[in-house]
Each structure stands twice: as C-alpha cells, then as structure tokens.
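Structure record follows, encoded as structure tokens.
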Amino acid sequence: MVTMSDISGEATVGDTIAARGLVRQDEHDSWLIPVVSLSPGTRLPMEDARILLEAPSDLDRFANGYVEARGVWVSEGAVAVRDIVPVAEDAAVLAPPPSLGTRALLSLPSAAGSRAGIDFHLARSVAGELVEKEAALHFVVVDDAEHFAVVVAATDVERVEAELRPLLGPYLFAVHSQNTPAMLRRADEILANEGRGNNLLLAGEAMSPNGDYRVVGIVKHWTSALSTAPASALEVRAWIHPYESTEIS
C-alpha cells in the first residue's frame, strides 16, 4: 500500500508490480482480490476488481489466504506471477488514509474541564452555516476519554473564531485549511473520473489527522490523471504499485 506522496511514477502494463490481497479460486484459475477496511474489523473483498494470477505452478496452497503477489503486469486484468508469499491479514487489507478520528496529531483540549453552559446544538448549527457559506470546509466533534473539542477546518479563521468562540470557548479548535472548496471539487472530479475507467475502488472525504479536510480514495493503480489534482486536497492509496527488485526482472 502506498500513498500519493510515496509514488514516484505510475505502474503500467509491462511493469514489475506488487499487490496484496485475498486469493480466490474457481474451477480453472486463481484470482487476487483487493480487500478494503472501512472501519476497524471490517473486511470488504472487492470481487469486481480482481486480477488473474498467471503462475507457472498451481496456487492451491494459497487459496483463501492473504498474499503479496509480485510479477509483471501483463494486462489490466492479469499479472504474470514471479513470486508470491503469504502475509498477515492486517498487512494485506487496504484502508483509507487516516482521519482525525483514528490518529489525531493535534494538541486538543482536555475532556476534564466543565462544559456547563455550552449550547452544542446551537454551535453545530452555526458551524453548519459556516460550511454552507464556505468559511469552513468541515467540522468534527472529538469526544473521547482524554479530549473534547470541536475541530473546524477553516478557510476564514477570523470568521470562524468570531462566530464559534463565544459559543464553545476553549473547546473550539480552528485549523486554517490548506484547501478551498474549489480545490476539493476539483479533487472529487478527478477521482470520480477514475471510476469511469473502473480504476476507483473507494472514494470519500475526511478530516486528516492534522485537522485539514481533503478528498480520499483507494484506486487499483496510480494514473497520471491523479497527479493533476491539488496535492493537499487529494490523498490516495494504490493497490497495484511498482515493485523494484533485482530478483524480478
């Protein structure tokens, strides 16, 4: 699994590639299926995105197991396998890029303080209006054992502070966004176009661990079109990616 920032170039037919997933077999063939996790513990095999494993020997011993397959990408739907090894299930499962809810990188207020007098219903309503007016991209309420805060990805921090600080006090955490609504719309459009080519496995939007808001997705493989998106507004994981090894040529 790689993110957009890790990819030096796209994998194309004829390249040596690597991919992890679940091996399934039918009467004649073995297939590698990407498995996506939308939340902890969930597993969603993407059967429609499977690729054929062309191997010199049978792959019966890998059936219904998780593997990393390495070889030559001979077509959009097939890989000529040169090497295949078992991997742990967790290592094989594709997950969207992390969000604020899974790995916060912010110094948020403690949950120990008093929240008396705070009208959260009104605060949510005002935050929603700020999003509609494009002064903010999104807001998330963080409420766990250690922290409590309303995190806002703001395009206009002064306006967000002026309208929400009186309602939330120390529990407002306004993050100046690298992105704009126009950048997100452009990133959404580019990712949606990957779906028209059957390359898109998963698309959505999420607040990043640093509090910014961006488009996220999982694709079968990287394409040059994805490189045209604003880098901060789109984060993508690729299932099939280039593999460099002196053992496979």
List, in order, the whole-Hz ³J(HN,Hα) value for each residue of the stretch 187-200 obtained from phi through the Karplus relation with A = 6.51, B = -1.76, C = 1.60 and θ = phi - 60°; use x for Gly and Pro. 5, 4, 5, 5, 5, 4, 5, 5, x, 5, x, 6, 9, 7
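What part of the accessible area of the stretch 189-233, given as a whole %, is carbon or sulfur when the probe is 1.4 angstrom? Let's see the in-between values first.
Values: 800 of 1620 Å².
So the carbon and sulfur contribution to the accessible surface is 49 percent.
Any idea of the accessible area per residue across the stretch 162-249, 1.4 Å probe, to the nearest Å²?
Working: 3870 Å² over 88 residues.
With the other protein chains kept in place, the stretch 162-249 gives 44 Å² per residue.
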Roughly how many percent of the accessible protein surface of the stretch 28-176 is carbon and sulfur, given a 1.4 Å probe and a whole-percent answer? 52
Non-local residues with an amide H under 5 Å from the amide H of residue 241, with H modelled 1.01 Å from N and Pro and chain starts lacking one, are 18
Cα axis of helix 157-168 to longest principal axis of the chain: angle in degrees, 0 to 90, nearest 10? 70
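Given R₀ = 35 Å, FRET efficiency for residue 196-residue 15 by Cβ-Cβ distance, to 0.05? Working shown, then result.
On the way: r = 23 Å, r/R0 = 0.66.
It comes to 0.95.
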Write out the GluC sites (Glu not before Pro) in the stretch 176-249 meeting two conditions: DSSP loop, and at most 10 other Cβ atoms within 10 Å of their Cβ. 244, 247
DSSP-assigned coil residues among trypsin sites (Lys or Arg not before Pro) in the stretch 119-202, each with at most 12 further Cβ atoms within 10 Å: 133
Hey, what angle do you get for helix 120-132 against the long axis of the chain, alpha-carbon based, 0 to 90 degrees rounded to 10? 60
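The values are calculated or read from the model by the stated rules, or taken from the named source; none is laboratory data. Small disclaimer: the values here were computed from a predicted structure and weren't measured. Counting neighbours? That spans all protein chains shown, and the Cβs are built from the backbone with ideal geometry, glycine included. Ligands, DNA and RNA are stripped out before the accessible areas are found, and what is left, the full protein with its side chains, is counted by its heavy atoms. Shrake-Rupley method; radii C 1.70, N 1.55, O 1.52, S 1.80 Å.
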